[in-house]
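For reference, the structure is listed below as structure tokens.
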Ligand code: ARG
């Protein structure tokens, strides 16, 4: 009997996948990764076992997720197509890495996931696994099984007695972790339709957010957020704290059309309060401490790094080389950013750092001025000369 390790979420696709793999003659081991999606893992595990899995692993990967994946993206300033902070994309290579480790421990022959053949996640899981162990076979039941639509799949689940939360009325596909949430399908597939309020789980409608702003001070050490309002938090707790405050003020909602790796344009809704706050603050701190050439050069690196994450190329040589570069740029990204959250907005209102390159005596139009304006005349002549 062939052994397969299935990355299991407890959702519709992976639940049907257990049954389907079992019917195809596999010994199914499920792997439930806790990346901060805040679910009842006992219940999910029980569901997997009652659906036909022989064995179930639940691993708490939250710390590793935040420290090695989310913070790497934050330091890089990675954001896909100027809108998506990559919460889902970042979790995939981590899950794949542990899935491969479990396969080794269990001497399994194959890995499986519940992704469709139209999305990015299939690529991220499979490319990562292939890089880590090319001998493991990858199975994508959803790509090959007989159901044509989600409704047919729901019917299959019902017929086989698989417990599921999805109904035909609320057919959203949701992915959640400690960093944020991705929501698609159903009515959202019409790009003209405003998202119904019911899809949001992490943020209130900015319209209903408090009528007074809240101020936040975020302190960074070498590009990593360490304190909020002068209080130290662990990496995972800092995300929780900021998701809470940001969510309460309606910060971090994104409605976008994005270019998927397989060439399809899709409409996705994201909620990422903590990411929005941290990205805004981190960018601002870099503006204060980085020299101009590094800052401008790094903008190009940010784009590339975001693409590598989005395209499932986390475990590649280039990604590792860029990490070395990015970490080098963060040596002086230490300081504090003051933000104001108000009805969906996240505004920078103050910044300070022991490594600040802002010199008031150069910038000022007041008495402290030490800049010799006469020098500019010659500078401009030479600067413009070639043209
Ligand atoms: N489009 C996002 C990405 O490729 C999220 C994918 C998962 N989305 C979902 N609603 N299940 O990273």
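Please report the spacing between the Cα centers of region 351-365 and region 87-141 in Å, no decimals.
48 Å
Give me 271, 377, 81 ranked fewest to most by other Cβ atoms within 10 Å of their Cβ, as a rough exposure proxy.
377, 81, 271
So if R0 is 30 Å, what FRET efficiency would residue 58 and residue 3 give, r being the distance between their Cβ atoms, rounded to the nearest 0.05?
The formula returns an efficiency of 0.95 here.
With 10 angstrom as the radius, rank 41, 220, 355 by how many other C-beta atoms surround their C-beta, starting from the fewest.
Ranked by crowding around the Cβ, least crowded first: 355, 41, 220.
Compute the angle between helix 41-51 and the longest alpha-carbon principal axis of the chain, please, reported from 0 to 90 degrees and rounded to the nearest 10.
Around 30 degrees separate the two axes.
Using 0.36 nm per residue of separation minus the Cα-Cα distance, give me the extension gain between residue 373 and residue 24 in nm, one decimal.
Additional length available on full extension: 117.8 nm.
How large is the Kirkwood hydrodynamic radius of the chain, in angstrom, based on all distinct alpha carbon pairs?
The Cα-based Kirkwood calculation yields 22.8 Å.
Along the Cα→Cβ direction, 7 angstrom out, place labels at residue 49 and residue 198. What is the inter-label distance in nm?
Calculated label separation equals 3.4 nm.
Given only helices, namely DSSP H runs of n ≥ 4 each adding -39500 (n - 2.57), what is the per-residue ellipticity at 222 nm of the chain, to the nearest 500 deg cm²/dmol? Present the calculation step by step, with values, prior to reporting the outcome.
Numbers: 13 runs with 152 residues, N = 387.
When only DSSP H runs of four or more count, the value is -12000 deg cm²/dmol.
For region 239-387, report the % of Cα-Cα distances exceeding 25 Å.
Result: 52 percent of Cα pairs exceed 25 Å.
Taking the Cβ-Cβ separation of residue 230 and residue 365 as r and a Förster radius of 22 Å, what is the calculated FRET efficiency to the nearest 0.05?
Values: r = 33 Å, r/R0 = 1.50.
Efficiency, from the Cβ-Cβ distance: 0.10.
What are the extents of the Cα atoms of region 244-303 along their three principal axes, listed from largest to smallest and rounded to whole Å?
37, 35, 10
List the residues of region 69-95 whose backbone N lies under 19 Å from a point placed 7 Å from the Cα of residue 265 along the Cα-to-Cβ direction.
Only 80-84 fall inside the zone, counting backbone N under 19 Å.
Sort 129-141, 103-115, 362-374 for me by packing, meaning the mean count of neighbouring Cβ atoms within 10 Å per residue, highest on top.
103-115, 129-141, 362-374
Rounded to the nearest 5, what % of the DSSP beta bridges within region 1-154 are antiparallel ones? Don't skip to the answer; put the middle values down first.
Values: 1 of 18 bridges.
Within region 1-154, antiparallel bridges account for around 5 percent of the total.
Using a 7 Å offset from the Cα along the Cα-to-Cβ direction at both residue 307 and residue 187, what is the distance between the two label points in nm, to one decimal?
3.7 nm
What number, in percent, do you get for the relative contact order of region 34-136 if the mean sequence gap of Cα pairs under 8 Å and at least 6 apart is divided by its residue count? Can you show the working numbers first?
Working: 66 pairs, mean separation 21.5, N = 103.
Rounded, it is 21 percent for region 34-136.
Suppose we keep just the DSSP beta bridges with both residues in the chain; what percent of those would be antiparallel, to 5?
65 percent
Fully extended, how many nm does the chain gain between residue 208 and residue 349 (0.36 nm per residue separation, minus their Cα-Cα distance)?
Values: separation 141, 0.36 × 141 = 50.76 nm, distance 2.30 nm.
That works out to 48.5 nm of additional length.
Between residue 331 and residue 67, what is the label-to-label distance in nm when each label sits 7 Å out along the Cα-to-Cβ direction?
2.4 nm
Could you line up 20, 383, 192, 145 from fewest to most neighbouring Cβ atoms inside 10 Å?
192, 383, 145, 20
For the chain, what's the relative contact order in percent, using C-alpha pairs closer than 8 Å and at least 6 residues apart?
Answer for the chain is 18 percent.
Residues in region 71-94, backbone N under 14 Å from the label point at residue 256 (7 Å along the Cα-to-beta-carbon vector): list them, ranges by number please.
Hits in region 71-94 for residue 256 at 14 Å: 74, 77-90.
Rounded to the nearest Å, what's the spacing between the alpha carbon centres of region 34-52 and region 171-246? Just the number, please.
Between the Cα centre of region 34-52 and that of region 171-246, the gap is 24 Å.
Can you give the translational diffusion coefficient of region 51-108 in µm²/s, computed by Stokes-Einstein from the Kirkwood radius over Cα pairs at 37 °C and 0.692 mPa s? Intermediate results must be reported in sequence, preceding the final value.
Working: Rh = 13.2 Å.
Once the numbers are plugged in, D ends up at 249 µm²/s.
Between helix 292-310 and the chain, what is the angle of the helix's C-alpha long axis to the longest principal axis, kept within 0 to 90° and rounded to the nearest 10?
Rounded to the nearest ten degrees, it is 10.
Measure nothing but the geometry: give the 0 to 90° angle between the long axis through the Cα atoms of 150-159 and the longest principal axis through the Cα atoms of the chain, rounded to 10°.
So the helix axis and the longest Cα principal axis differ by about 40 degrees.
All of the numbers you see were taken from the coordinates with simple rules; none came from a lab. As the structure is a prediction and not an experimental result, all values here were calculated from the model. Cβ coordinates were reconstructed from backbone atoms using ideal geometry, including for glycine residues, and neighbour counts include every protein chain displayed.
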